[in-house]
Amino acid sequence: MASDSETERQCEQALAFGPVPSRRLGMSIGVNVVPRKVCSYNCVYCQLGRTTKLTVERRVYTPTDPIVQAVREKLAQASHTDYVTVIGDGEPTLAANLGDVRGQIANEWSGRTALLTNGSLLWMSDVRSAAAGFDAVLPTVSAGDQATFRKLHRPHVSLSFDRCVRGLKSFCAEYADRTWAEVMLVRDFNDSQRSLRAIGSLIKELNPAEVHITAPVRPPSVSTIQPPTSESVELALREIPGSVDFTHPETSEMPESRANPVQHLVDITGTHPLRREQALDVFVNSGMSGEEADEALDSMVRSAAVIALDRKGEVFYVRGRPKAGRNTFK
Ligand code: SF4
């Protein structure tokens, strides 16, 4: 396992990465439209480290053309893609060119697009318009009351629970059929019966097409954060109508790719933790033998380009964390 000092290696942001297998979205190419870590929240469970720019200011953080070019290249290299997913190294709806990026991708690609968002800015009509273009919108609905909302998300000062709920309701009033709510369960934060009941009641009002129960897999912003117990997951499934358990990590095989395997692995593990077999697949799929793949992966761990983490007895590989994302919030 890597030491703390090894996690300080600075990694460059990829504008597009993958495709990676996703339990919720099949083979997905990820798209970053804001720099790490520009966000309207500073969630205790954030797997990207602490928020370095806490803001609700919408602007063009990265121009549209290089983003679309990066997606174009990934699509050309991929043998199969189910979704192009705007996910962000922060909150993607902060990007004022979000709608433009999606529109330009859709001009060149007839497949489906998805937006992973914290949903905090849906009270803005231009954010709702940009989000409405996606085939699937996956907002976070992990708090059902103001106290849990503040404790869990540590939002920008201008964001109240009521304001964010109003935005979610406005969006779902028109687009519930393409909304897949995500409930991130965090032990002792939102997994009590009272919290889950409040979330369940909000979800009932929103009436999204799908409800996914998820759990932190990568090391969170606050080091003491724990994934939920299996009893909590079962309670959540009972209290939240229509919910489905997505708390187990993705285990599918990685797709064929001729991309530079080292860079490919760094890009993917920036957002998606991979099991050892999946990480080795990246090298084997580029033409290496099993032995060469073992050595290449171990060499990346030694140089801290990726970190090996033990999660419930299983090892996952994640990208080395940039300095700005180290655990400093307690
Ligand atoms: S989990 Fe998402 S919404 Fe929360 S701080 Fe991280 S990037 Fe922002």
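The values are calculated or read from the model by the stated rules, or taken from the named source; none is laboratory data. Keep in mind that what you see is a predicted model, and the values were worked out from it rather than measured. Cβ: placed from backbone, ideal geometry, glycine included. Neighbour counts: every protein chain shown.
Residues are listed down the side, and each one gets a yes or a no for (1) at pLDDT below 85; (2) more than 20 Å from the chain's Cα centre (by Cα); (3) more than 25 Å from LEU48 (Cβ to Cβ):
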site: SER243; (1), (2), (3): no, no, no
site: HIS248; (1), (2), (3): yes, no, no
site: MET254; (1), (2), (3): yes, no, no
site: HIS264; (1), (2), (3): yes, no, no
site: THR271; (1), (2), (3): yes, no, no
site: LEU297; (1), (2), (3): no, yes, no
site: ILE307; (1), (2), (3): yes, no, no
site: ARG319; (1), (2), (3): yes, no, no
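Any idea which of PRO155, PRO139, PRO66 is within 15 Å of the ligand (Cβ to nearest atom) and over 20 Å from VAL211 (Cβ atoms)? Give the steps one after another, and end with the answer.
Working: PRO139 fails: over 20 Å from VAL211 (Cβ atoms); PRO66 fails: within 15 Å of the ligand (Cβ to nearest atom).
Of the residues listed, the single one that is within 15 Å of the ligand (Cβ to nearest atom) and over 20 Å from VAL211 (Cβ atoms) is PRO155.
Here's a check for you: in region 32-42, which residue that is of a type in the set (A, V, I, L, M, F, W, C) and either at pLDDT below 95 or more than 6 Å from the ligand (Cβ to nearest atom) (or both) is farthest from ILE87 (Cα to Cα)? Quick ask: steps written out before the conclusion?
Residues of region 32-42 that are of a type in the set (A, V, I, L, M, F, W, C), as a first pass: 33-34, 38-39.
Right, trim to either at pLDDT below 95 or more than 6 Å from the ligand (Cβ to nearest atom) (or both) and you get 33-34, 38.
Details: VAL33: 8, VAL34: 9, VAL38: 12 Å.
My answer is VAL38.
When you check LYS74 against the structure, is it over 30 Å from ASP162 (Cβ atoms) and crowded, with 20+ Cβ neighbours inside 10 Å, yes or no?
Details: over 30 Å from ASP162 (Cβ atoms): yes; crowded, with 20+ Cβ neighbours inside 10 Å: yes.
So LYS74 passes the test.
Looking at region 51-105, which of its residues are within 17 Å of GLY119 (Cβ to Cβ) and among the aliphatic types (A, V, I, L, M)? Spell out the reasoning first.
Here is the first cut: in region 51-105, the residues within 17 Å of GLY119 (Cβ to Cβ) are 51, 54-56, 58, 85-88, 90-95, 98-99, 102.
Once the filter is applied, which keeps residues that are within 17 Å of GLY119 (Cβ to Cβ) and among the aliphatic types (A, V, I, L, M), region 51-105 yields LEU54, VAL56, VAL86, ILE87, LEU94, ALA95, LEU98.
How many residues are in contact with a Gly (Cβ under 8 Å, 6 or more places away or on another chain) and either within 16 Å of the ligand (Cβ to nearest atom) or over 28 Å from VAL56 (Cβ atoms) (or both) if we restrict to region 21-30? Explain how you work it out, then say what you get.
Of region 21-30, the ones in contact with a Gly (Cβ under 8 Å, 6 or more places away or on another chain) are 27-30.
Cutting the leftovers down to either within 16 Å of the ligand (Cβ to nearest atom) or over 28 Å from VAL56 (Cβ atoms) (or both) gives us 27, 30.
Summing the residues that are in contact with a Gly (Cβ under 8 Å, 6 or more places away or on another chain) and either within 16 Å of the ligand (Cβ to nearest atom) or over 28 Å from VAL56 (Cβ atoms) (or both) in region 21-30 gives 2.
Within region 90-109, which residues are within 21 Å of LYS53 (Cβ to Cβ) and either surrounded by fewer than 23 Cβ atoms within 10 Å (Cβ to Cβ) or among the hydrophobic types (A, V, I, L, M, F, W, C) (or both)?
Residues of region 90-109 that are within 21 Å of LYS53 (Cβ to Cβ), as a first pass: 90-98, 101.
Those that are within 21 Å of LYS53 (Cβ to Cβ) and either surrounded by fewer than 23 Cβ atoms within 10 Å (Cβ to Cβ) or among the hydrophobic types (A, V, I, L, M, F, W, C) (or both): LEU94, ALA95, ALA96, ASN97, LEU98, VAL101.
Which is in contact with a helix residue (DSSP H, G or I) (Cβ under 7 Å, 6 or more places away or on another chain), surrounded by fewer than 21 Cβ atoms within 10 Å (Cβ to Cβ), modelled with pLDDT of 95 or more and within 20 Å of LEU25 (Cβ to Cβ), of ALA181, ALA176? Give the derivation first.
On the way: ALA181 fails: surrounded by fewer than 21 Cβ atoms within 10 Å (Cβ to Cβ).
Only one candidate passes the filter, namely ALA176.
Of the residues ILE213, ILE199, which single one is in contact with an Asp or Glu (Cβ under 7 Å, 6 or more places away or on another chain), crowded, with 21+ Cβ neighbours inside 10 Å and not small (Gly, Ala, Ser)? Please lay out each step first, then the result.
On the way: ILE199 fails: in contact with an Asp or Glu (Cβ under 7 Å, 6 or more places away or on another chain).
On inspection, the qualifying residue turns out to be ILE213.
Could you tell me which numbered condition ALA131 fails, if it satisfies all but one of (1) assigned to a loop (DSSP other than H, G, I, E, B); (2) within 27 Å of VAL84 (Cβ to Cβ); (3) of a type outside the set (S, T, N, Q); (4) within 16 Å of the ligand (Cβ to nearest atom)?
Failed condition: (1).
Listed here are the residues, each with its yes/no results for (1) more than 18 Å from the chain's Cα centre (by Cα); (2) more than 15 Å from the ligand (Cβ to nearest atom); (3) not aliphatic (A, V, I, L, M).
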site	(1), (2), (3)
VAL84	no, yes, no
GLY88	no, no, yes
PRO92	no, no, yes
GLY99	yes, yes, yes
GLN104	yes, yes, yes
TRP109	yes, yes, yes
ARG112	no, yes, yes
GLY119	no, no, yes
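Which ones in region 175-201 are under 19 Å from ASP245 (Cβ atoms) and out of contact with any strand residue (DSSP E or B) (no Cβ under 9 Å at 6 or more places or on another chain)?
Result: VAL186, ARG187, PHE189, ASP191, SER192, GLN193, SER195, ARG197.
How many residues does region 43-63 hold that are within 14 Å of the ligand (Cβ to nearest atom) and closer than 22 Å to PRO139 by Cβ?
As a first pass, look at region 43-63 and keep what is within 14 Å of the ligand (Cβ to nearest atom): 43-56, 61.
Among the residues that remain, those that are also closer than 22 Å to PRO139 by Cβ are: 43-51, 53-56, 61.
Residues meeting the conditions: 14.
Report whether or not ARG9 is modelled with pLDDT under 95, more than 10 Å from the ligand (Cβ to nearest atom) and under 20 Å from PHE246 (Cβ atoms).
Values: modelled with pLDDT under 95: yes; more than 10 Å from the ligand (Cβ to nearest atom): yes; under 20 Å from PHE246 (Cβ atoms): no.
Answer is no for this residue.
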